[in-house]
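Q: This structure is in structure tokens; I'll ask about it shortly.
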Amino acid sequence: MSGIMVLLFVSMAMPGCLSLVLGRELIEGIRTEPEVREEPTLYDLSHTFLVDGTELLPTQGQETLFQAIPIDDTVGEIVIYFETSVNYFLGDADIRYVHVELLWCEDDGAGNPVNCDEADPIYEVMADNGTYDPERTVLDRNSNPFESGMWSLTVDGRGTGWNTGLTAIDDQDSWILRVTVIRPCLSFPENPEECTPTIDLE
């Protein structure tokens with residue numbers, strides 16, 4: 001360390017750009033290597049139904065949510081978590097449902113999905129027979145390669161829910177849909193709280 005400090009002081013005495021170049025090289029030489037970590041990006045499209053509640057009989061509502069998800073070639077894993085909760089399911093005559101569809105699409109250059117492959121969904125679930133038990137699906141690029149692109153995630157559902165303040169009769173249909181995209185990032189010892197995605201460094 002003392003030798004490095006001597007060289008640093010000597011470089012400061014050198015003229016102009018030469019001292020800057022030598023100083024930078026010395027500092028880069030003692031800089032610790034960055035740590036490669038996994039950085040999760042969460043997309044949460046969960047929803048709880050709550051209708052007006054002023055009617056004598058509770059009505060049903062419709063909800064559709066959409067999310068464009070950029071998938072680059074550094075993404076190694078995608079985790080999908082899905083479940084629904086339906087109260088007082090009435091059997092085959094009940095028209096409440098939740099439909100989830102994840103499609104591969106091209107990127108139009110502005111971050112919008114185009115030319116989506118609707119014939120071959122990456123992930124699709126139709127929950128139309130009451131409560132759908134929790135399901136965790138992992139897409140691993142190493143074991144089952146997937147294509148990069150601007151993926152399209154859509155969830156469409158119909159349900160009911162009311163909040164009268166009377167706990168005994170209040171119920172809400174709901175779904176939980178969370179998609180976590182995991183890509184590598186670099187964390188430098190000088191600032192370990194920040195992690196820069198490797199795709200940003202290409």
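The values are calculated or read from the model by the stated rules, or taken from the named source; none is laboratory data. Fair warning: this is a prediction, and the values are worked out from it, not measured in the lab. Cβ sites come from the backbone with ideal geometry, for glycine too, and all protein chains shown count toward neighbours.
Q: Say we look at the stretch 63-106 and pick out the residues that are more than 11 Å from Ser152 (Cβ to Cβ), polar (S, T, N, Q) and not in a loop (DSSP other than H, G, I, E, B); which of these is farthest from the chain's Cα centre (by Cα)?
A: So the residue we want is Ser85.
Q: Also, quick follow-up: Here are some conditions: (1) touching a Ser or Thr at 6+ places or on another chain (Cβ under 9 Å); (2) surrounded by 14 or more Cβ atoms within 10 Å (Cβ to Cβ); (3) not aromatic (Phe, Trp, Tyr). Glu202 meets all but one. Which one does it not meet?
A: The one condition Glu202 does not meet is (2).
Q: Step by step: first the residues of the stretch 72-93, then only those that are of a type in the set (Val, Ile, Thr) and modelled with pLDDT under 95, then the one that is farthest from Trp151 (Cα to Cα). Which residue is that?
A: Filtering the stretch 72-93 for residues that are of a type in the set (Val, Ile, Thr) and modelled with pLDDT under 95, the one farthest from Trp151 (Cα to Cα) comes out as Val86.
Q: Collect the residues in the stretch 90-119 that are closer than 27 Å to Ser174 by Cα and loosely packed, with under 15 Cβ neighbours inside 10 Å, keeping them in residue-number order.
A: Hits for the stretch 90-119 are Leu90, Gly91, Asp92, Ala93, Ile95, Glu118.
Q: So, in the stretch 112-162, how many residues would count as being outside any strand (DSSP E or B) and under 19 Å from Asp44 (Cβ atoms)?
A: 3
Q: Somewhere in the stretch 107-117, is a residue touching a residue at least 12 places away in the same chain (Cβ under 8 Å) and either touching a Lys or Arg at 6+ places or on another chain (Cβ under 6 Å) or under 25 Å from Gly159 (Cα atoms) (or both)?
A: The answer is no; no qualifying residue exists.
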